[in-house]
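Step one of this worksheet: look at the structure below.
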Amino acid sequence: MKKFITSTPFQPQLTPIIYKPADNSELVYDAPHTLPILNAINTYTENGEEITVYFLHSDTENCNRNYDIVIEQLDVLVKSKNLKCNIERIDYSDDENISTLLGLYGKLLKCFDDNDQIYTCITYGTKPLPLVQLMALRYAYKAKKNLYIGSIVYGKLHGTVQNNSGGDIYDLTSLFYMDELSQTFCRMSVENPEEKIAAIIFGAEEGD
């Protein structure tokens, strides 16, 4: 199944915008919104498809208010594409203790199954949250059969949340595979691993 992971924003005020693709022209969604994962859902789903969307959610005043807002935005896209959308909320505390983050890591691992296609957004949430998300993805990628990391997206605002002039959406999926290659080259004691990684990811010819 295609599964999409995002975080409920902590910001006190959200202004819907259109995120423009910065490095992946396919990541288009023309309706104003606040969650970059909607670009991925719009791009990587077919009309009538069944998907699951996971919200990493902290029980704070801002998050609880914003959750209702982003669910409404998701519903607009779901209806426009006639998707069957299962929504799952993964609650966590924003205290950022290691025990809390480890618990969230375990909750994320339970979301992944063999043959899944995973799409995730690392825009919102506490600072450690993207690290936990990527740790869970790395484990699942190795532990599950035929699990595919489809896209890791990040939305960057121009200005501030309250006073912005639009934003860009970046596809950071290559960083995930760069990490896999980096670990492999480290075990092989490869010199200048960045050159080898560039040759693989960008199809560039290796230098002298």
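The values are calculated or read from the model by the stated rules, or taken from the named source; none is laboratory data. Fair warning: this is a prediction, and the values are worked out from it, not measured in the lab. As a convention, Cβ positions derive from the backbone with ideal geometry for all residues, glycine included, and neighbour counts pool all protein chains shown.
Can you name every residue in the range 1-54 that is β-branched (Val, Ile, Thr) and either at pLDDT 95 or above or buried (at least 21 other Cβ atoms within 10 Å of the Cβ) (or both)? Even if it seems obvious, please write down each step before you answer.
Quick first cut of the range 1-54, residues β-branched (Val, Ile, Thr) only: 5-6, 8, 15, 17-18, 28, 34, 37, 41, 43, 45, 51-53.
Of everything in the range 1-54, those that are β-branched (Val, Ile, Thr) and either at pLDDT 95 or above or buried (at least 21 other Cβ atoms within 10 Å of the Cβ) (or both) turn out to be ILE5, THR6, THR8, VAL28, THR34, ILE37, ILE41, THR43, THR45, ILE51, THR52, VAL53.
Considering only the range 1-92, give the strands (runs of 3 or more DSSP E) lying wholly within it that have at least 3 residues that are free of Cβ contacts under 8 Å to residues at least 60 places away in the same chain.
Working: elements: 2-7, 19-21, 50-57, 84-91.
Answer list for the range 1-92: 50-57, 84-91.
Show the residue pairs meeting these rules: Cβ distance below 8 Å; 6+ apart or different chains; first residue within the range 130-159 and in contact (Cβ under 8 Å) with a residue 40 or more places away in the chain and of a type in the set (S, T, N, Q); second residue assigned to a helix (DSSP H, G or I) and surrounded by 15 or more Cβ atoms within 10 Å (Cβ to Cβ).
Listed by first residue and then by second, the contacts come to GLN133/LEU108; SER151/ALA40; SER151/THR43; SER151/TYR44; SER151/THR173.
Only one residue in LEU14, LEU35, LEU27 is among the hydrophobic types (A, V, I, L, M, F, W, C) and in contact with a Leu (Cβ under 8 Å, 6 or more places away or on another chain), so which one is that?
Working: LEU14 fails: in contact with a Leu (Cβ under 8 Å, 6 or more places away or on another chain); LEU27 fails: in contact with a Leu (Cβ under 8 Å, 6 or more places away or on another chain).
Just a single option satisfies the conditions, and that option is LEU35.
Tell me, yes or no, whether the range 114-121 has at least one residue that is surrounded by 16 or more Cβ atoms within 10 Å (Cβ to Cβ) and over 19 Å from LEU175 (Cβ atoms). I'd like the intermediate steps shown before the answer.
Initially, the range 114-121 is screened for residues surrounded by 16 or more Cβ atoms within 10 Å (Cβ to Cβ), giving 116-121.
Right, trim to over 19 Å from LEU175 (Cβ atoms) and you get 116.
Looking for residues that are surrounded by 16 or more Cβ atoms within 10 Å (Cβ to Cβ) and over 19 Å from LEU175 (Cβ atoms), one finds at least one in the range 114-121, hence yes.
For residues that are among the hydroxyl-bearing types (Ser, Thr, Tyr) and touching a residue at least 24 places away in the same chain (Cβ under 8 Å), tally how many sit in the range 160-180.
4
Taking the options LEU134, LEU129, name whichever one is of a type in the set (A, V, I, L, M, F, W, C), at pLDDT 90 or above and surrounded by fewer than 19 Cβ atoms within 10 Å (Cβ to Cβ).
Details: LEU129 fails: surrounded by fewer than 19 Cβ atoms within 10 Å (Cβ to Cβ).
Among LEU134, LEU129, only LEU134 is of a type in the set (A, V, I, L, M, F, W, C), at pLDDT 90 or above and surrounded by fewer than 19 Cβ atoms within 10 Å (Cβ to Cβ).
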